[in-house]
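Peer 1: My questions will all concern the structure given below.
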2 protein chains.
Amino acid sequence: MIPTLSTPMGAELFKLEKYIVNHSCDIEQWFRSQWQNHQAPFYASVDLRNAGFKLAPVDTNLFPGGFNNLCETFVPLSIQAASVAIEKFCPDAKKILIIPENHTRNTFYLKNLYSLHNILSKAGLEVRFGSINDEVKTPEVITIEPDKSITLEPINKKDHGIIIHNDDSSFFRPCAILLNNDLSVSIPNELKDIDQHIIPPLNAGWITRRKSNHFKFYDDVVNEFADFTKIDPWLINPFFEKISNLDFHERKGEEELSQRVGSLLKKIQDKYDQHQIKHAPYVVIKADAGTYGMGIMIAKSPEDVLSLNRKKRNKMSVIKEGVKVSEVIIQEGIHTEENIDGAVTEPVIYMIDHFVIGGFYRVHTAKGKDENLNAPGMHFIPQPFETSCLMPDQGRPCDDEANRFYAYGVIARLALIAAARELEFKS
Amino acid sequence: MIPTLSTPMGAELFKLEKYIVNHSCDIEQWFRSQWQNHQAPFYASVDLRNAGFKLAPVDTNLFPGGFNNLCETFVPLSIQAASVAIEKFCPDAKKILIIPENHTRNTFYLKNLYSLHNILSKAGLEVRFGSINDEVKTPEVITIEPDKSITLEPINKKDHGIIIHNDDSSFFRPCAILLNNDLSVSIPNELKDIDQHIIPPLNAGWITRRKSNHFKFYDDVVNEFADFTKIDPWLINPFFEKISNLDFHERKGEEELSQRVGSLLKKIQDKYDQHQIKHAPYVVIKADAGTYGMGIMIAKSPEDVLSLNRKKRNKMSVIKEGVKVSEVIIQEGIHTEENIDGAVTEPVIYMIDHFVIGGFYRVHTAKGKDENLNAPGMHFIPQPFETSCLMPDQGRPCDDEANRFYAYGVIARLALIAAARELEFKS
């Protein structure tokens, strides 16, 4: 099911989607040249928002959860893409250890792990889960559905390598470690000074990664892409600013934040005027190293950040695992104009190596079009894409399902190139 | 629909299928190491036969037709695999020319071309068909189905390159030439001394290629594979002999052929005795450079080749496009014990780059289990595989559909490695 766009699509975006669909050969050739020079991350997911007048990524996740939300039809596509990735990152690998997040009581997340295990084992790897949570002291079999379970095992370190060696299991020394843990707090000692491949590299973890840095690389990618598409780069790129040395708790930096929010809103308003867009601009303030939809707020005026009550300030001041927020990115808000049965939705695109392998719609029945939808809860209903995003269909209208998803795959891959360059630059 | 095996599966083959399914990690790692050292052909199809006691390739086609027979569900898999192949063979390519066979009045073959066009254009290439048939003098639009057509165009040569430049079409200079013409007779002048990538290389054409040479390389691959599976290589490898200097028309070499048939039948009988197989051995005599199911006969005794009537001798003496047969391969016949509703079937596995992307069953309602099924006609009913061949399922019996197809994919990829080495060696 493809959501409907609740506004008529703007002429510029329509032109962009049309350009993308009609110039898929040029675009794919351009992508090929990029992938000759840059190594895509092992896997990634990109959150997009489509405002009808603008289509852009708002977040790029290098430790994607949610593989369970993809359409089962395209599992073979994931397996094949994973084979390519394995050949590049660790061709000699036979055994791989997935290091999951620590919040392993979340059923959705467990299902994601099960899906990931399925993809990698069908790509021909022996896969086990090793926890870096100190509380996991013995192997735990966690049942997900009556006939589906995963085993979470404690890890040890021996001879510069991570191993699993329980009383009740055979000795397991993986050739590669796949992180599905975003390393928000620190790099665990277990991961330091080991001779196994670590995928993605440790600098992808949020302890060092910054959203603003990613979007700086994305700026460059978009400018290069705009060079040959001749489109206004703003159509696929949200404005952003970075602010450091904040303390929401102590209200330190509040004034500067307010001013920068004001100037960014002005900049957006100018663009809206230029494109005759009637919406009210807004910005999203996010912890620059934040994840899981935490440390996020919306501002529609400079005053919005001055009038925060204690509860909201507290909410902005710490993120996942209690990490204190001192740096934020102020990002142009993109109204999501897609909806399914009246509920606002945003597409999330999944990639393994440099291949789009599927996607789904994050649907929130209780949120507005200018709100963050990455808010787990009973109202979050993923809708898997029913086409593979691989195939533009020249014979059909450019906003046809296959063509819209192809365009989504193109924009997501632009963010993927940014991520590739970002990881290279830091390592 | 998976065919039924009409004999109980032999203990050895059952052990082999079980080994393959249970050791997919070792096997995939072994394949990865092979693909680190060898470049798979751009595309290939492999004809397999399953006798219940033996499962082996009988032919490897480097100019596969029949893409139209694959299950549509797995088209995305083909597109992704084609992207990988393009990145390797011609990363800078934007335009590709397919050179088809000349018998373009065959609807099945035209459908194959349409499918191939679809895969390559969705992988992001501009695709056109250039004919090396002198009779094609102006662009011909050939309708395949009411809403499907292909355009066959004459080619020209200019500045060391093939181009299309008709009055009614824009100038087209492809970056790469994809051969879907098996070059049985000669290498056309148009293909000589050009600076465009030719895929597969010209030495893959039947003007130089020999089946016996392919199976010599296959012998090596099987022996290496058997080294770690510890199986009897014969289970997956048909015996063969090569004979040169034959002239069926003049009955030259008939005696030698008869003797060699006799000794090969004896060799097979010994293996049958060793494995307690009750079938009557037979051999297939094939033109060593033959294709399209032409120049093929069955022999169950040395006398069978002495008693050929004039019509049969004529049939063996020339193959496609009138090429004279002087070399044959005598190949151990493999009884196909798979059948669908009583009709004998053999699996054909398709690969792009080193990825299995699907397969189908060649079903012949009018042929016996010891006959050549590659005989076009109204009784040839392709049955596309409904699983992707990518995914063994450890939790299920080894002769379950997914697992049997996975095993087929493994054996087909062994033949693919042989083809890769064969092309390297000659070029």
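Peer 1: State whether the residues of the stretch A:35-46 include one that is in contact (Cβ under 8 Å) with a residue 24 or more places away in the chain and within 10 Å of chain B (Cβ to nearest Cβ).
Peer 2: yes
Peer 1: Further, regarding this structure: A:Ile352 - would you say it is at pLDDT 80 or above, crowded, with 24+ Cβ neighbours inside 10 Å, among the β-branched types (Val, Ile, Thr) and more than 30 Å from A:Val261 (Cα to Cα)?
Peer 2: Criteria met by A:Ile352.
Peer 1: Also, quick follow-up: Somewhere in the stretch A:115-127, is a residue touching a Leu at 6+ places or on another chain (Cβ under 9 Å), part of a loop (DSSP other than H, G, I, E, B) and over 17 Å from A:Glu153 (Cα atoms)?
Peer 2: yes
Peer 1: Sticking with this one: Would you tally the residues in the stretch A:128-142 being part of a strand (DSSP E or B) and under 19 Å from A:Asn189 (Cα atoms)?
Peer 2: Total meeting the criteria: 3.
Peer 1: Return the residues of the stretch B:192-226 that are acidic (Asp, Glu) and closer than 23 Å to B:Gln39 by Cβ; say none if nothing qualifies.
Peer 2: The answer is B:Asp195, B:Asp219, B:Asp220, B:Glu224.
Peer 1: Would you list the strands (runs of 3 or more DSSP E) that sit entirely within the stretch A:143-211 and hold 1 or more residues that are under 19 Å from A:Ile86 (Cβ atoms)?
Peer 2: It comes to A:161-163, A:176-180, A:197-199.
Peer 1: Which count do you get for residues in the stretch B:125-144 that are within 14 Å of another protein chain (Cβ to nearest Cβ) and of a type outside the set (A, V, I, L, M)?
Peer 2: 2
Peer 1: Please give the number of the condition B:Ile199 fails out of (1) more than 26 Å from B:Thr107 (Cβ to Cβ); (2) crowded, with 19+ Cβ neighbours inside 10 Å; (3) not small (Gly, Ala, Ser).
Peer 2: (1)
Peer 1: Considering the stretch A:392-418 alone, what residues qualify as being part of a loop (DSSP other than H, G, I, E, B) and either crowded, with 21+ Cβ neighbours inside 10 Å or modelled with pLDDT of 95 or more (or both)?
Peer 2: Matches in the stretch A:392-418: A:Pro392, A:Cys398.
Peer 1: Could we say that B:Val46 is under 30 Å from A:Lys94 (Cα atoms), aliphatic (A, V, I, L, M) and surrounded by fewer than 21 Cβ atoms within 10 Å (Cβ to Cβ) here?
Peer 2: no
Peer 1: Can you tell me which of A:Ile142, A:Ile119, A:Ile150, A:Ile164 is over 25 Å from the mean Cα position of the chain (by Cα), surrounded by 21 or more Cβ atoms within 10 Å (Cβ to Cβ), modelled with pLDDT of 90 or more and not polar (S, T, N, Q)?
Peer 2: None of the other options fit; the residue is A:Ile164.
Peer 1: Still on this structure, please answer the following. Exactly one condition in (1) more than 27 Å from A:His335 (Cα to Cα); (2) not in a loop (DSSP other than H, G, I, E, B); (3) not polar (S, T, N, Q) is not met by A:Val222; state its number.
Peer 2: Against the list (1) more than 27 Å from A:His335 (Cα to Cα); (2) not in a loop (DSSP other than H, G, I, E, B); (3) not polar (S, T, N, Q), A:Val222 comes up short only on (1).
Peer 1: Next question. If I filter the stretch A:105-124 for residues that are within 14 Å of another protein chain (Cβ to nearest Cβ), under 24 Å from B:Phe31 (Cβ atoms) and among the basic types (Lys, Arg), do I get at least one hit?
Peer 2: Yes, because at least one residue in the stretch A:105-124 is within 14 Å of another protein chain (Cβ to nearest Cβ), under 24 Å from B:Phe31 (Cβ atoms) and among the basic types (Lys, Arg).
Peer 1: Scan the stretch B:302-321 for residues that are touching a residue at least 40 places away in the same chain (Cβ under 8 Å) and either among the small types (Gly, Ala, Ser) or out of contact with any Asp or Glu (no Cβ under 7 Å at 6 or more places or on another chain) (or both) and report the count.
Peer 2: Counting residues in the stretch B:302-321 that are touching a residue at least 40 places away in the same chain (Cβ under 8 Å) and either among the small types (Gly, Ala, Ser) or out of contact with any Asp or Glu (no Cβ under 7 Å at 6 or more places or on another chain) (or both) gives 11.
Peer 1: Just checking, does the stretch B:209-225 include any residue being within 30 Å of B:Ile20 (Cβ to Cβ), among the hydrophobic types (A, V, I, L, M, F, W, C) and out of contact with any Pro (no Cβ under 9 Å at 6 or more places or on another chain)?
Peer 2: Taking every residue of the stretch B:209-225 in turn, at least one turns out to be within 30 Å of B:Ile20 (Cβ to Cβ), among the hydrophobic types (A, V, I, L, M, F, W, C) and out of contact with any Pro (no Cβ under 9 Å at 6 or more places or on another chain).
Peer 1: Residue check: is B:Arg362 surrounded by 19 or more Cβ atoms within 10 Å (Cβ to Cβ), of a type in the set (D, E, K, R) and either farther than 22 Å from B:Gly290 by Cβ or more than 14 Å from every other protein chain (Cβ to nearest Cβ) (or both)?
Peer 2: Here the answer is yes, as B:Arg362 does meet what is asked.
Peer 1: Which residue pairs have Cβ atoms under 8 Å apart, sit 6 or more places apart or on different chains, and have a first residue in the stretch B:387-408 that is free of Cβ contacts under 8 Å to residues at least 24 places away in the same chain and in the same structural domain as B:Tyr350 (by TED's automatic domain parsing) and a second that is basic (Lys, Arg) and part of a helix (DSSP H, G or I)?
Peer 2: As it stands, the answer is B:Met391/A:Lys122, since those pairs meet every condition given.
Peer 1: If you go through the stretch A:81-99 one residue at a time, do you hit one that is free of Cβ contacts under 8 Å to residues at least 12 places away in the same chain, among the polar types (S, T, N, Q) and either under 17 Å from A:Pro41 (Cα atoms) or at the interface with chain B (Cβ under 10 Å from one of its Cβ atoms) (or both)?
Peer 2: No, the stretch A:81-99 has no match at all.
Peer 1: I've got another one for you. So A:Asp353 fits all but one of (1) under 16 Å from the mean Cα position of the chain (by Cα); (2) more than 14 Å from chain B (Cβ to nearest Cβ); what number is the exception?
Peer 2: (2)
Peer 1: For the stretch B:253-279, give me each residue that is of a type in the set (Gly, Ala, Ser) and more than 18 Å from B:Asn237 (Cα to Cα).
Peer 2: Within the stretch B:253-279, B:Gly253, B:Ser258, B:Gly262 qualify.
Peer 1: How many residues are under 20 Å from A:Met297 (Cα atoms) and crowded, with 16+ Cβ neighbours inside 10 Å when one looks only at the stretch A:213-250?
Peer 2: Residues meeting the conditions: 12.
Peer 1: Sort out which residues of the stretch B:71-80 are surrounded by fewer than 24 Cβ atoms within 10 Å (Cβ to Cβ) and either more than 8 Å from every other protein chain (Cβ to nearest Cβ) or hydroxyl-bearing (Ser, Thr, Tyr) (or both), and write them in order of number.
Peer 2: B:Cys71, B:Glu72, B:Thr73
Peer 1: Between a residue in the stretch A:359-372 that is among the polar types (S, T, N, Q) and any residue that is in a loop (DSSP other than H, G, I, E, B), which pairs come within a Cβ distance under 7 Å, given they are 6 or more apart or on different chains?
Peer 2: From the stretch A:359-372, the pairs are A:Thr365/A:His379; A:Asn372/A:Gly293.
Peer 1: Does the stretch B:379-390 contain any residue that is over 17 Å from the mean Cα position of the chain (by Cα), within 12 Å of chain A (Cβ to nearest Cβ), hydroxyl-bearing (Ser, Thr, Tyr) and not in a helix (DSSP H, G or I)?
Peer 2: yes
Peer 1: Would you pick out the residues in the stretch A:17-34 that are among the aliphatic types (A, V, I, L, M) and at the interface with chain B (Cβ under 10 Å from one of its Cβ atoms)?
Peer 2: A:Ile27
Peer 1: On to the next question. For the stretch B:36-47, indicate whether the set of residues that are in contact with a Phe, Trp or Tyr (Cβ under 7 Å, 6 or more places away or on another chain) and not hydrophobic (A, V, I, L, M, F, W, C) is non-empty.
Peer 2: Yes, because at least one residue in the stretch B:36-47 is in contact with a Phe, Trp or Tyr (Cβ under 7 Å, 6 or more places away or on another chain) and not hydrophobic (A, V, I, L, M, F, W, C).
Peer 1: Being modelled with pLDDT under 85 and more than 14 Å from every other protein chain (Cβ to nearest Cβ) narrows it down to one residue among B:Phe53, B:Phe14, B:Phe67, B:Phe63; which is it?
Peer 2: Checking each option against the conditions leaves just B:Phe14.
Peer 1: Of the numbered conditions (1) more than 21 Å from A:Tyr109 (Cβ to Cβ); (2) surrounded by 14 or more Cβ atoms within 10 Å (Cβ to Cβ), A:Asp182 satisfies every one except a single condition; which is it?
Peer 2: (1)
Peer 1: For the stretch A:164-186: of the residues being touching a Gly at 6+ places or on another chain (Cβ under 9 Å) and of a type in the set (A, V, I, L, M, F, W, C), which is farthest from A:Pro139 (Cα to Cα)?
Peer 2: In this case the residue turns out to be A:Val185.
The values are calculated or read from the model by the stated rules, or taken from the named source; none is laboratory data. None of these values were measured; they are calculated from a predicted model. When we count neighbours, we look across all protein chains shown, and the Cβ atoms used for this are built from the backbone with ideal geometry, even at glycine.
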